[in-house]
Every structure is written in C-alpha cells, then in structure tokens.
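Below is one structure, written out as structure tokens; the observations come after it.
The values are calculated or read from the model by the stated rules, or taken from the named source; none is laboratory data. Note that the structure is a prediction, hence the values are computed from the model and not measured. Backbone-built Cβ (ideal geometry, glycine too); neighbour counts: all protein chains shown. We work out accessible area using only protein heavy atoms, side chains counted, and drop any ligands, DNA or RNA first. Shrake-Rupley method; radii C 1.70, N 1.55, O 1.52, S 1.80 Å.
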Number of protein chains: 2
Amino acid sequence: MKHLPHKTIERLSQYRRALLICLNNGQMHIYSHEIAKIQHITAVQVRRDLMLIGYTGTLRKGYNVKELIELIGQIIDSLDGINVAIIGMGNLGRALINYFAGKRSHLKIVASFDINPDKIGNKMSGIPCFSIDEMEKVIREKNIKVGIMTVPEDFASQTADKLVHAGIKGILNYTPKPVYVPNEVYLEEYDMITSLEKVAFYVKMQETE
Amino acid sequence: MKHLPHKTIERLSQYRRALLICLNNGQMHIYSHEIAKIQHITAVQVRRDLMLIGYTGTLRKGYNVKELIELIGQIIDSLDGINVAIIGMGNLGRALINYFAGKRSHLKIVASFDINPDKIGNKMSGIPCFSIDEMEKVIREKNIKVGIMTVPEDFASQTADKLVHAGIKGILNYTPKPVYVPNEVYLEEYDMITSLEKVAFYVKMQETE
DNA sequence: TTCACAATGTGAAAATAATAACAAAAAAAA
DNA sequence: TTTTTTTTGTTATTATTTTCACATTGTGAA
C-alpha cells in the first residue's frame, strides 16, 4: 500500500469502532451502505476506503465484520502498542482517562502528569499521576510515544517543549493555544472553540437563508 | 460573498483568536506570514482566506488587527449572539464550561443539563444546571440554538432526539457514538479516540519509514 | 433456466483545497 | 532619484478528496 489519504485514516478508525459494536451485537457481515449510514457518509466512500486498504467483501453479503476489524488493526495499529501520557489532570484530562478506562486497545495510557501535589502520587482510573518535573524521566522510562496536552493554555508552549525534549513522537494538543514542535514530531491540534464557532456559523447561515 | 469553504470558516475562527491575543499585546498590525506561523499554515493560505472575505491589508504594513477581528466577527458571528447549552456535566462538560468561563463571546453558554440530582439546581462557573427532563422547556424558554453533547455514549441517541425535538438548530457531539438528526439540524461530530489513533498512526509511520 | 435485483469494485469526472508564481506597489536603501 | 526589498492580491496550477457511473457478479424468484 503506497499511501493512504489523511481522511481515510480517520474514517478507518471510525469504521473500526462501529464494527466493534456490530461484532458485539453478533453481526457477522455488514454492507457498505450500513457503515456509511452510521458515519454519515456515502457508501461509495466506504467502498473506496476499503479498496484502498485492499479489502474485498463478498458480493451480496457485504464485508466480514471480524476480518475487517482485523485488517484495519493491521493498518493503523502499531505492532506492539503505543504508550500514551496525558499532561494536565484537569477536567479534560480526566474526561479522556475515563473515555479510555476499560477499553482495551493498542493505545495504552500509562501515565498522567500534573503540578497539583494533591493529584501527584494518586491514581485515576488506574493511571498513576506524576509531577510535571518528572516528565522527561517517566516518558523515557515508560517508553511513552504520544502525549495528550490538556494543560491550561498558559502552559501550552512550555509543556510542548518539555515533551519534545523528552523525545515524544506525537502530540495531540487540546489546548486552544497552537504550539511549535520540530518536524519529526507529529502534531495534531484540536480546538473546541473553533468547532463550536463553526456550528454556530452554519446555524446562522441556515437561519439567514 | 457567495460561499466560504468549510476549511476557511474554521481558520477564520482561529485567526480571530490569534488576533485577539495580538491585540491584547498591543500589536496593531500583522503580516500574513505571522498569522500563518501561528496556525502552522502558509502565508498564501492566509491571504487567500482573507481575500475570500474581501479584506484588504496595507502593503508593507500587513493587516490591521482590530479591523480584521471586526470583519471576521461580521462574517462568522450572529448579529445578536447564539445561546448554547451543554448536556452532560461530567468531566468533559465541566472542561467546556471552564474553557468559556470569563471569555465574553457572541456564544453564550446559558444552561447545562444533567441527570445527577446533586448537580441539578447548582451553578458551575455561573451556569445553572437543569434536569434533563426540563430540557425541552428550558431550551425553548432561553432560546438555545446550539447543544453540546457531553453525555455518556449510551445516552447519545436519546439526547440527540430530545434536542431535536426541543427545536435545537445545531449539535456538537463529543460522544464517541454517531447520532442521527434531521437535515435541517447542523451536526458536527468529534471523536477524541479517532484523533488519538490518527496521531498514533503517523507516529508508527514515521518509525517504520 | 432466465431474469431481476442488490451488492461490490473501480475508472473517470467533479468538487474542494492548497500551492506556486508573479504583478503591483509602498517603503527603505543606495 | 533610482534600485532593492518586502509584502499584498490574485490567477493559474496542482493535489487531494468525493462523487458519478457503470461493469460485474452472486442470489433468489419466476
């Protein structure tokens, strides 16, 4: 496989989650248009994505749920899992830990960090919380590859710097403040305010139409 | 203005936030490449976006920060603000309320909803919390146009249904479960797990390269 | 068996988004 | 004054992503 579009990667992750639910419900096969409906996209798009990863369904029966889950895993997961840390145990950090708690996955949250002494040393949903000062040490020791930044925005830059310095490979920044990282670190930024303003914009549009 | 690309809308929101910070620092003008640097995009893209909204900078001086903030507001904001509700006062709901607390904006969070009796009747950062049962009533009374869903995923569908029934115009779904709404309701879904898996994928890619 | 149907798979076209290239002009430097 | 530099604005080009259109084929019904 030469190169998968960014959007396809995102959708594969979503397909898999939908498929896991289907599998849980005992569904063995699924049609492209069923997947499409769940994700609010078109069936062609689903088929094309699957074409790109080289998966072939059965005519008239659709796709084998189990096989497809398996294959998507082969494509997007790392062979031996990736360790993740959450930096900032505020509300957002805790929300994320809860999201993941229990869900076994190739992505393992293995540490969290905060500056609040009350939190340091405790566990949240089984994840130990360390001091930010120990970040570099812990990241190296636990072989943490990805950091999720949920710190207050004033600490965004310095947190990113520390992560980079500790040798992190990818950062997911939930801070509203954009950060700078060297090219070899993959950075994904997501800003809730932007999403909300976007919704508001289209609501406005629909009204003034 | 006939039609702005989706991506441009998102970026405009981001430009504005960057510009507000600049304004706060006393900066009166800004170059396209400065904006670009903040947002990790190219200067051409910034100029093109601004071209699309019909804003013209000053050669050699760049863009007038104040004017541009003003104009972006005219484009993306509703004339008299939009009222927003957060449904689900878990960690994520609280995180969002804190994000917005203090920031005066045309988007006003005016209510939150939960099923936990301990939360109902209290205020969080000044926002009153109501029972889910009162949702329809409160949404109509307070003229709430946009709902942010931060409920546990098992409640996603029913919450969306209630919102639609209450006449909501836009939904931002932070639940990992996709929901269905009629066409006239604008729906934006965001899934943190997908984002994380995407980061993990590109980290993996960079390693196996 | 033959026909109609309901799926998949995919080349081609269209739509959307990003980048390159460069003219124009104001300011600064020579 | 003339030249150089810097920055905007915009057209043209390229890249990416989505959709269309349709060939193909297994299945069930007639």
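Assorted remarks:
- In the stretch A:47-87, residue most open to solvent (accessible area, probe 1.4 Å) [restricted to those that are within 8 Å of DNA strand C (Cβ to nearest atom) and in a helix (DSSP H, G or I)]: A:48
- Looking at the stretch A:93-182, the strands (runs of 3 or more DSSP E) lying wholly inside it that each contain 2 or more residues that are closer than 25 Å to residue B:13 by Cβ sit at A:144-149, A:170-173.
- Qualifying residue in the stretch B:192-206 (condition: within 7 Å of another protein chain (Cβ to nearest Cβ), assigned to a strand (DSSP E or B) and among the hydroxyl-bearing types (Ser, Thr, Tyr)): no
- Residue list for the stretch B:128-155, filter: within 12 Å of chain A (Cβ to nearest Cβ) and over 19 Å from the mean Cα position of the chain (by Cα): B:152, B:153, B:154
- Residue within the stretch B:73-95 that is within 14 Å of chain A (Cβ to nearest Cβ), within 16 Å of DNA strand D (Cβ to nearest atom) and over 21 Å from residue B:175 (Cβ atoms) present: yes
- Taking the criterion of being free of Cβ contacts under 8 Å to residues at least 40 places away in the same chain and of a type outside the set (Asp, Glu), the residues of the stretch B:147-167 that qualify are B:156, B:157, B:158, B:160, B:162, B:164, B:165, B:166, B:167.
- Within the stretch A:1-34, restricting attention to residues that are within 15 Å of residue A:48 (Cα to Cα) and of a type in the set (A, V, I, L, M), the residue that is farthest from DNA strand D (Cβ to nearest atom) is A:1.
- Flag for residue B:105 being under 28 Å from residue A:182 (Cβ atoms) and either open to solvent by less than 30 Å² (accessible area, probe 1.4 Å) or under 14 Å from the mean Cα position of the chain (by Cα) (or both): no
- Condition check for residue B:100 on (1) under 16 Å from the mean Cα position of the chain (by Cα); (2) open to solvent by 30 Å² or more (accessible area, probe 1.4 Å): one failure, at (2).
- Residue match in the stretch B:40-53 (condition: closer than 29 Å to residue B:169 by Cα and within 13 Å of chain A (Cβ to nearest Cβ)): yes
- Restricting attention to the stretch A:27-39 and to residues that are within 9 Å of DNA strand C (Cβ to nearest atom) and outside any helix (DSSP H, G or I), the residue that is farthest from the other protein chains (Cβ to nearest Cβ) turns out to be A:29.
- Within the stretch A:110-125, if we keep just the residues that are hydrophobic (A, V, I, L, M, F, W, C), modelled with pLDDT of 95 or more and under 21 Å from residue A:172 (Cα atoms), the residue that is surrounded by the fewest Cβ atoms within 10 Å (Cβ to Cβ) turns out to be A:115.
- If you check B:128, B:182, B:176 for being modelled with pLDDT under 95 and open to solvent by less than 70 Å² (accessible area, probe 1.4 Å), only one passes: B:176.
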